[in-house]
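Right, one structure below, let's go through it.
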Amino acid sequence: MFRRSILKILGGSVVLPALFSTAVTAGDMPAPFDNPGDVKIALVRYLSTGDFFQAYLSGVETQAAALGVDLRVFDSRQDAALQSDMVDQAIALGVDGIVIQHGLTESMRDAAQRAVDAGIKVVAFDVNVENPAIPQIEQSDYLLGKLALEQAIIDNGTSWKAGYVYVPGIAPLDRRHAAWEDIKAANPGIEEVAQFGTLDNPIANSNANQARSVLQANSDITVMFAPYDEFAKGVKIAVDEAGLTDQIDIYSADVSTADISAMREPNSAWAATVATNPAVVGEVSVRSLAMMLAGENPGSNVVVPPTLITQAFLNENDIKNMEDLSAKMPQFAHADVSVPSWMPLPPR
């Protein structure tokens, strides 16, 4: 997949310099990027199912291509022990830098430390490895949850019964959970009548199975908070099948072209989501790692700000895909985060 992406990008290389937001020549590049073919980086993934993670991977690939580095992708498919082993495989390959994408703290903490001890630069996206030497890349997950819930209050008032989809132990979900707890504490009329959730593949269908049982047992639910788009897809399947689209509103986090289509279906229950462009987050992850390799400090917390996206906004602007969304929301096309003057950017 990476080779095909590179070939596509190189096939248009004649026009790329005019499309960079910052003109960069080989002489401007700091070491080691003045000879980027010798730079090897690895992406070690825990989660990969769903549009978000495919878009994130695309962003990692395109930013790596813009830098000209050798990217290796390791996909553990939600196997925590395997992800830890894959970090060791990357160390054995002699990579210069590693992006750890999601995972469990207990399995990634020691693995990340082994990479640091080997002299490898590491950044972590949406996994807390409890290491001050490793910058945390995040979407401000607390704000993702908070903005979605504030929209739920605007739409439904401050008194409603909710179903909540949550799997503890995953850093971004835990941060979104903190927003849920704070919103409930500030609004005692909001009652959580059911909590459920799974990361079993396929994630959307597995959560749809659980949501069916929840809806049958709790006919008074009017809001579903599903702060991950694969969760929201599953809830929507169950709500549609139960014929409850007029009764229930779904609020989520993350966005993709498939999500936009689902939100814009006639009478869709999916009312709003809060998101960053996952491809942009992938780019920021690689740029932050590249800064460390060049001896620069991207900061201990690298935050890509999220944006509220409502069903009404999508319909009013006839937004059909992520490209349309980027055009109407420029922050989706690029985040001015971890962009030193020497950094070449992917084509726009």
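The values are calculated or read from the model by the stated rules, or taken from the named source; none is laboratory data. Just so you know, these numbers come straight off a predicted model, no measurement behind them. A quick note on method: Cβ atoms are made from the backbone with ideal geometry, for glycine too, and the neighbour counts reach across all protein chains shown.
Within the range 213-232, the set of residues being of a type in the set (Gly, Ala, Ser) and not in a loop (DSSP other than H, G, I, E, B) comprises 213, 217, 226, 232. Condition (residue is without any contact (Cβ under 8 Å) to a residue 40 or more places away in the chain, of a type outside the set (Lys, Arg) and more than 21 Å from residue 59 (Cβ to Cβ)) applied to the range 318-336: is it met by at least one residue? Within the range 318-336, one or more residues are without any contact (Cβ under 8 Å) to a residue 40 or more places away in the chain, of a type outside the set (Lys, Arg) and more than 21 Å from residue 59 (Cβ to Cβ). Taking the range 33-84 as the range and being hydrophobic (A, V, I, L, M, F, W, C), outside any helix (DSSP H, G or I) and in contact with a Gly (Cβ under 6 Å, 6 or more places away or on another chain) as the test, only 41 passes. Within the range 250-259, can one find any residue that is surrounded by fewer than 24 Cβ atoms within 10 Å (Cβ to Cβ) and either without any contact (Cβ under 8 Å) to a residue 40 or more places away in the chain or not assigned by TED's automatic domain parsing to the domain that holds residue 298 (or both)? Yes, the range 250-259 has at least one match. The helices (runs of 4 or more DSSP H) falling completely within the range 99-207 that include 1 or more residues that are outside the structural domain of residue 73 (by TED's automatic domain parsing), out of contact with any His (no Cβ under 7 Å at 6 or more places or on another chain) and under 21 Å from residue 231 (Cβ atoms) map to 141-156, 171-186. Scanning the range 224-231 turns up at least one residue that is over 13 Å from residue 149 (Cβ atoms), touching a Lys or Arg at 6+ places or on another chain (Cβ under 9 Å) and surrounded by 23 or more Cβ atoms within 10 Å (Cβ to Cβ). Number of residues in the range 325-348 that are under 17 Å from residue 303 (Cβ atoms), hydroxyl-bearing (Ser, Thr, Tyr) and at pLDDT below 95 equals 0. When the range 311-325 is limited to residues that are over 21 Å from residue 151 (Cα atoms) and part of a helix (DSSP H, G or I), the one that is nearest to the chain's Cα centre (by Cα) turns out to be 322. Of the residues 300, 285, the single one that is surrounded by fewer than 18 Cβ atoms within 10 Å (Cβ to Cβ), touching a residue at least 60 places away in the same chain (Cβ under 8 Å), under 30 Å from residue 72 (Cα atoms) and in contact with a strand residue (DSSP E or B) (Cβ under 9 Å, 6 or more places away or on another chain) is 300.
Would you say residue 210 is surrounded by 13 or more Cβ atoms within 10 Å (Cβ to Cβ), assigned to a strand (DSSP E or B) and modelled with pLDDT of 95 or more? Taking the combined requirement at face value, the residue does not satisfy it.
Determine whether the range 54-63 contains at least one residue that is over 17 Å from residue 286 (Cβ atoms) and hydrophobic (A, V, I, L, M, F, W, C). Within the range 54-63, not a single residue is over 17 Å from residue 286 (Cβ atoms) and hydrophobic (A, V, I, L, M, F, W, C).
Checked against the criterion of being out of contact with any Ser or Thr (no Cβ under 9 Å at 6 or more places or on another chain), in contact (Cβ under 8 Å) with a residue 40 or more places away in the chain and surrounded by 24 or more Cβ atoms within 10 Å (Cβ to Cβ), the range 261-270 has no qualifying residue. In the condition set (1) at positive phi; (2) in a helix (DSSP H, G or I), residue 267 is compliant with all but (2). Among the residues making up the range 270-308, those that are part of a loop (DSSP other than H, G, I, E, B) and either at pLDDT 95 or above or over 30 Å from residue 221 (Cα atoms) (or both) are 277, 294, 295, 296, 297, 298, 299, 300, 304, 305.
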